[in-house]
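What follows is one structure encoded as structure tokens, with my remarks underneath.
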Amino acid sequence: MAKSKYYITTAIAYPNGKPHLGHALEIVQADVLARFYKLLGKDVFFQTGTDEHGIKNWRTAQKEGKDIQIFLDENVACFKDLYAQLSIAYDSFLRTSDKKAHYEGAKRLWGKLVAAGDIYKKSYKGIYCVGCESYKTEKELVENKCPNHPNKELETIEEENYFFKLSKYKEEVAKLIQSDTYKVVPNVRKNEILSFLKEAEDISFSRTKDALPWGIPVPNDEDHVMYVWCDALSNYITGIGYEQEGEQFKSAWPADIHVIGKDILKFHAAFWPAMLLSAKIELPKELFVHGFLNIGGLKMGKSTGNVIDPFDQIKQYGTDPFRFYLIGAMPITGDGDYTEDLIIERINKELVGNISNFCYRSLSFTNKNLDSKIVDFNKDESVVKEIVAKFASVKEAYESRDLKKALGEILEISALGNKFMQENEPWKNRDKAPEILSLCLNIVKNLTILISPIVPGYAKGIRTQLNVKDLTWDDLNFDLTNHTINQPEILLTNVQKEEVVEEEKKTGFSLLNLKVAEILEVKPHPDADKLLVMQIDLGEKRQLVAGLRAYYSPEDLIGKKIVVVSNLEPAKLRGEKSEGMLLAAGEDTDVGLLLVKDAKPGDQVTISGAKPNSKLINYKDFLTVKIEGKNGKAFSEGKVLTANSEEVFVDKNITGKVK
């Protein structure tokens with residue numbers, strides 16, 4: 001019988017820079033699902049790629065003085081390198097700059113939309129976010145900023161564009177999502193997109209070549225290039241041969257699942273299905289929308305100085321432990337957290353201390369004491385029934401995209417194996433030892449199947465030690481008997497905090513990551529007479545709590561551009577969260593804020609020769625840094641603090657220690 005197909009895609013990455021932790025998260029999640037369906041016997045086709053047109057790529061290449069194609073080739077190579085290091089087993093990597101693989105299919109889709117009467121031209125003026133590569137409505141803005149790219153300036157663009165009639169299809173798309181014909185997972189994202197569709201308007205579908213000379217030419221209009229929607233979104237069909245609509249396309253489409261991040265939900269759950277309806281192409285079956293990874297509770301981003309390089313993480317922890325943490329960190333309905341302490345704790349306690357410890361103990365005891373033999377054993381043991389019942393729970397969790405839950409169920413199975421071994425003490429009960437360990441090794445075999453989508457390298461290594469070949473979901477059983485295992489070895493060990501080379505250790509001012517922030521809103525702390533609660537723009541919106549109530553009124557603070565320690569660990573002050581700390585000079589009698597006039601929110605504040613610290617620090621660390629106000633300016637290490645060449649000044653000309 002022929003295998004049933006399973007087509008899985010990721011959002012195609014935007015290669016205007018090197019890949020970050022979010023790219024690693026999404027590609028690993030998709031790879032886990034692809035490997036899971038292969039275990040089930042599906043004929044899986046896994047596609048990913050890069051979105052290579054658009055203003056961000058063009059402008060960045062121009063800024064770096066590079067030919068656009070050379071610029072892209074260099075960055076795409078970084079993505080492919082990361083995916084290789086992450087053991088990503090994709091079948092197709094589509095680049096939208098590939099004229100042979102992509103251009104003609106995108107043009108064909110455009111033609112279908114034109115034939116349906118759903119593309120028209122009009123003059124348009126709108127607010128544009130380069131970070132999102134999309135126009136924004138006033139309702140989508142937060143404090144007049146794009147919520148996903150608050151550190152980027154919005155642009156007002158007025159030009160003649162082609163538009164697609166999204167409004168024509170919004171009700172039909174909503175019905176298909178409501179009925180789960182096009183299933184959006186989890187429900188919180190389903191509800192979000194249904195709300196958006198109620199007021200969805202037609203969308204811009206092209207840019208003029210004057211504004212963007214880099215893109216796929218619009219058919220029959222050389223003055224326009226395709227905007228991101230018909231270009232980037234069409235990769236899901238062009239990568240499987242939509243241009244010819246041959247056997248590959250007919251056998252693979254519709255996609256079984258698109259894996260995307262929550263920031264591009266409306267593009268995939270509103271724009272894309274509407275385009276497919278217009279072109280009379282069947283809709284995908286499912287859209288899995290994951291959250292973000294935060295760093296110590298804060299959103300990751302360049303503006304906060306807490307960007308983590310996935311290459312560094314793989315080097316420090318190893319591919320499988322890194323994958324293990326990514327999957328275990330992500331709840332299905334929200335965001336996950338990523339810190340050094342958390343990743344070390346979970347690797348050591350769960351992957352090494354639970355799973356790897358159980359597997360190695362079972363293998364090594366059998367090898368040393370039982371002539372490496374697996375014999376027949378009592379399958380009526382209660383632990384067998386308990387574990388068999390969990391097989392279905394793991395499968396259901398994978399299928400419902402709750403990968404964190406799937407991993408949790410697998411860890412429980414391993415814990416049951418550890419408990420069974422400890423309670424039966426084969427090292428004391430020598431007569432029963434062969435049966436006890438044979439049952440344990442069958443649990444090990446099952447663990448290698450269940451966890452192989454998440455840690456494929458480790459699972460393969462244990463299978464080699466078990467002396468079994470590739471296994472599938474159908475091999476989940478306790479039938480491994482009369483079998484000889486191979487020589488065992490330790491595959492995973494505990495990880496430690498990375499040692500910091502002395503000369504690279506951050507000290508003094510280099511411990512800090514100071515940013516300019518504008519105070520947007522101030523109110524008294526509800527439970528503390530001396531504290532004020534502030535909403536600030538630091539390139540992103542944050543909340544600060546500061547003891548300024550005796551020195552400044554809320555009205556005096558609004559609009560001031562202050563200096564903030566952006567990499568201070570978040571803390572709660574009398575119940576209110578404070579995400580950083582503002583700087584002021586002086587003593588108890590009076591204090592003066594460190595201020596700037598012309599610098600913008602998110603601008604770096606530094607001294608000559610210092611580099612900002614990307615890691616979080618605590619208040620005790622901050623106290624080791626000496627900053628003082630003198631002659632109306634702020635100094636550290638004998639150098640004046642600056643923001644974009646503008647000298648930081650001390651309000652009220654206060655002299656004294658900065659704190």
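Some observations on this one:
- The length gained by stretching the chain between Thr493 and Glu555 to full extension, at 0.36 nm per residue less their Cα-Cα distance, is 16.6 nm.
- Short-range pairs are left out: with C-alpha atoms under 8 Å and at least six residues apart, the relative contact order of the chain is 11 percent.
- Placing unit charges on each Cβ (+1 for Lys and Arg, -1 for Asp and Glu) gives the chain a dipole about its Cα centre, and among Gln29, Gly65, Ile462 the Cα reaching farthest toward its positive end belongs to Ile462.
- Around Glu159: net Lys/Arg minus Asp/Glu count, Cβ-Cβ under 12 Å: 0
- Reachable lysines, given that their alpha-carbon falls under 16 Å from the alpha-carbon of Lys597 and they are not under 8 places away in the same chain: Lys515, Lys560, Lys561, Lys633, Lys652
- Qualifying lysines (Cα of each under 21 Å from Cα of Lys373; at least 8 residues distant if same chain): Lys428, Lys432, Lys445, Lys460, Lys469
- Simple spin-label estimate for Ala115 and Lys419 in nanometres, 7 Å along Cα-Cβ: 6.2 nm
- Least to most buried among Val289, Val228 (fewest other Cβ within 10 Å first): Val228, Val289
- The separation of segment 169-205 from segment 560-636, counted between C-alpha centres, amounts to 44 Å.
- Counted charge near Phe46, where neighbours are those whose Cβ lies closer than 10 Å (Asp, Glu -1; Lys, Arg +1): 0
- Mean shadow area of segment 564-659 over all directions, Cα convex hull, nm²: 6.7 nm²
- The value for segment 384-513 of Rg(Cα) / (2.2 N^0.38 Å) is 1.40.
- The order of the peptides 479-487, 325-333, 309-317 by mean Cβ neighbours within 10 Å, most packed first, is 325-333, 309-317, 479-487.
- Summing Lys and Arg as +1 and Asp and Glu as -1 over all other residues whose Cβ lies under 10 Å from the Cβ of Asp256 gives a net charge of +2.
- Gain upon complete extension [Lys315, Glu172; 0.36 nm per residue less C-alpha separation]: 46.7 nm
- Applying both filters, DSSP loop and at most 15 other Cβ atoms within 10 Å, to the GluC sites (Glu not before Pro) of segment 594-659 gives Glu637.
- Spin-label pair Lys432/Ser195, simplified geometry with 7 Å Cα→Cβ offset, distance in nm: 5.7 nm
- Taking a ≥ b ≥ c as the square roots of the eigenvalues of the alpha-carbon gyration tensor, segment 5-290 is classed rounded because a/c is under 1.5.
- At least 20 Å along the helix axis (C-alpha) and Kyte average at least -0.5, DSSP helices within the chain: 21-39, 68-85, 382-399, 403-424, 433-451
- Sorted by Cβ density within 10 Å, fewest first, the residues Phe205, Phe46: Phe46, Phe205
- With neighbours defined as other Cβ atoms within 10 Å of a residue's Cβ, the residues Arg207, Arg430, Arg59 order from fewest to most as Arg430, Arg59, Arg207.
- Among Gly508, Leu557, Leu593 the positive-end extreme of the charge dipole of segment 502-657 (Cβ point charges): Gly508
- Peptides 591-604, 416-429, ordered by how many other C-beta atoms sit within 10 Å of their residues on average, highest first, read 591-604, 416-429.
- Rounded to the nearest angstrom and listed largest first, the equivalent-ellipsoid semi-axes of segment 538-615 from its Cα gyration tensor are 21, 17, 13.
- Cα gyration tensor shape of the chain, rounded if a/c is under 1.5, else prolate or oblate by comparing a/b with b/c: oblate
- For Gly49, residues with placed amide H under 5 Å, excluding near neighbours: Ala13, Leu94
- Rounded to the nearest 20, the size of the Cβ-charge dipole of the chain about its Cα centre is 380 debye, with Lys and Arg at +1 and Asp and Glu at -1.
No lab work stands behind these numbers, since they all come straight from the coordinates. Quantities reported herein were computed from a predicted structural model and do not represent experimental measurements. Note that each Cβ is placed from the backbone with ideal geometry, even for glycine, and that neighbours are counted across all protein chains shown.
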